[in-house]
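Just dropping this structure here.
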Amino acid sequence: MKTLLNNNDLNEALNDISNLGFIPTMGSLHRGHISLIKKSLKECEKTIVSIFINPTQFNNKKDYKNYPKNNKKDLLILRRLGVDFVYLPNKRQIYNSKKKSKININKKDKVLCAKYRMGHFEGVIDVMNRLIRLIKPNKIFMGEKDFQQLYLIRKYVNQKLKFRIISCKTIRDKNKVALSSRNLLLKKKELIKAGKIANSLISFKKKLKNKNLKYLLNKKKDKLANIYNIDIEYLELRNITNLKKTNNIKNSKIFIAYYLNNVRLIDNF
Ligand code: AMP
């Protein structure tokens, strides 16, 4: 595995690859990331993983500072998997060359996390434009765990950059908690709680019919908040093709964001 630290390294290493798979990450790798990487290794001639904790997508300084970092362990995982390249840029590598980009997300897309995390997706889209321009991948592998991110990247990342996005299923632990680097910030007790919340929403979704949806969702939100003593930012049913609120369970998902002891968790079912 080649470690690439700057743009010269990138240009040299990636020249002449006709089917390059790319997995952008913020590190602290877990089985969720690994599933994306394995898919790329299977489908692509070469695979590159980036590890970059992008400062511009954090709307909260403390969250950025506390974001888990495990570079040594990550590199070991990537080497064992047989990844061809790991790209470890610093902030200067990514943000020096181009002045701040203006990303305009439509008002109708400012829902869910885009409503509650001001500037978050603008930062994500900006860094993705920059990474894609540098790496020029053919396929990008991304997780449905961050469904809205996937949706907005498909919609807003510069379409002139030719690539395909491959969406990958959410990987969960044995208690059905979606794996996330942020889970490292949770105590065991809190992880168990997150598992109960996930299980509860999975069976709730299964039972839903096209009747009283709004009422049932509100009731569920109150119930979860009370039973688990959590602060729920949103619990909404939305159509997966346009992320509009819906009263039809066909092509829909339940989206949730909540705080467990100051750690913000998101999921969809
Ligand atoms: P992150 O390092 O959190 O920025 O995530 C990097 C990529 O891994 C994103 O495309 C995420 O959607 C994906 N990912 C994170 N957690 C999971 C998971 N539990 N299952 C599948 N993909 C995931």
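Please go through segment 237-252 and give me each residue that is buried (at least 19 other Cβ atoms within 10 Å of the Cβ) and among the charged types (D, E, K, R), ordered by number.
Answer for segment 237-252, where residues must be buried (at least 19 other Cβ atoms within 10 Å of the Cβ) and among the charged types (D, E, K, R): just Arg238.
Going by the structure shown, is Asn210 within 13 Å of the ligand (Cβ to nearest atom) and either of a type outside the set (D, E, K, R) or out of contact with any Cys (no Cβ under 8 Å at 6 or more places or on another chain) (or both)?
No; evaluated as a whole, the condition is false for this residue.
So, one more: Looking at Ile51, is it in contact with a Ser or Thr (Cβ under 9 Å, 6 or more places away or on another chain), closer than 29 Å to Leu185 by Cβ, within 11 Å of the ligand (Cβ to nearest atom) and modelled with pLDDT of 95 or more?
Here the answer is yes, as Ile51 does meet what is asked.
If you scan segment 138-151, which residues turn out to be within 13 Å of the ligand (Cβ to nearest atom), more than 19 Å from Ile53 (Cβ to Cβ) and more than 11 Å from the chain's Cα centre (by Cα)?
Within segment 138-151, just Lys139 meets the criteria.
To continue, here is another question. Only one of Lys176, Lys160, Lys155 is more than 9 Å from the ligand (Cβ to nearest atom) and under 22 Å from Ser203 (Cα atoms). Can you tell me which?
Exactly one residue qualifies, and that residue is Lys176.
How many of the residues in segment 196-217 are surrounded by 15 or more Cβ atoms within 10 Å (Cβ to Cβ) and part of a loop (DSSP other than H, G, I, E, B)?
1
Kindly list, by first and then second residue, each pair from a residue in segment 6-27 that is under 15 Å from Gln93 (Cβ atoms) to a residue that is within 13 Å of the ligand (Cβ to nearest atom) and of a type in the set (Gly, Ala, Ser), limited to pairs with Cβ atoms under 8 Å and residues at least 6 apart or on different chains.
Within 8 Å, the pairs are Pro24/Ser50.
Moving on. Residue by residue through segment 18-28, note down the ones that are outside any strand (DSSP E or B), at pLDDT 95 or above and under 21 Å from Ile166 (Cβ atoms).
Once the filter is applied, which keeps residues that are outside any strand (DSSP E or B), at pLDDT 95 or above and under 21 Å from Ile166 (Cβ atoms), segment 18-28 yields Asn19, Met26, Gly27.
Tell me which of these Asn96 doesn't satisfy, since it passes every other one: (1) free of Cβ contacts under 8 Å to residues at least 12 places away in the same chain; (2) surrounded by 14 or more Cβ atoms within 10 Å (Cβ to Cβ); (3) more than 26 Å from Asn183 (Cβ to Cβ).
(2)
Among Lys136, Lys145, which is the only one that is in contact (Cβ under 8 Å) with a residue 12 or more places away in the chain, of a type in the set (Lys, Arg), in contact with a Leu (Cβ under 9 Å, 6 or more places away or on another chain) and at positive phi?
Lys136
Restrict the check to segment 58-81 and report whether at least one residue is farther than 19 Å from Leu4 by Cβ, surrounded by 22 or more Cβ atoms within 10 Å (Cβ to Cβ) and away from the ligand (no atom under 13 Å from the Cβ).
Checked against the condition, which is being farther than 19 Å from Leu4 by Cβ, surrounded by 22 or more Cβ atoms within 10 Å (Cβ to Cβ) and away from the ligand (no atom under 13 Å from the Cβ), segment 58-81 yields no hits at all.
Can you tell me which residue in segment 161-176 is surrounded by the fewest Cβ atoms within 10 Å (Cβ to Cβ), limited to those that are β-branched (Val, Ile, Thr) and in contact (Cβ under 8 Å) with a residue 60 or more places away in the chain?
Applying the filter and picking the extreme gives Ile166.
OK, next. Just one of Lys193, Lys220 is without any contact (Cβ under 8 Å) to a residue 24 or more places away in the chain, away from the ligand (no atom under 16 Å from the Cβ) and surrounded by 18 or more Cβ atoms within 10 Å (Cβ to Cβ); which is it?
Lys220
Hey, can you tell me all the residues within segment 170-223 that are within 17 Å of the chain's Cα centre (by Cα) and of a type in the set (S, T, N, Q)?
Thr170, Ser180, Ser181, Asn183
Answer with yes or no whether Ile103 is part of a loop (DSSP other than H, G, I, E, B), at pLDDT below 95, in the same structural domain as Ile153 (by TED's automatic domain parsing) and crowded, with 16+ Cβ neighbours inside 10 Å.
yes
Here are some conditions: (1) more than 16 Å from the ligand (Cβ to nearest atom); (2) farther than 21 Å from Leu14 by Cα. Cys113 meets all but one. Which one does it not meet?
Exception for Cys113: condition (1).
The values are calculated or read from the model by the stated rules, or taken from the named source; none is laboratory data. Given the structure is predicted, the values throughout are model-derived calculations rather than measurements. No Cβ is skipped: glycine too gets one built from the backbone with ideal geometry, and neighbour counts run over all protein chains shown.
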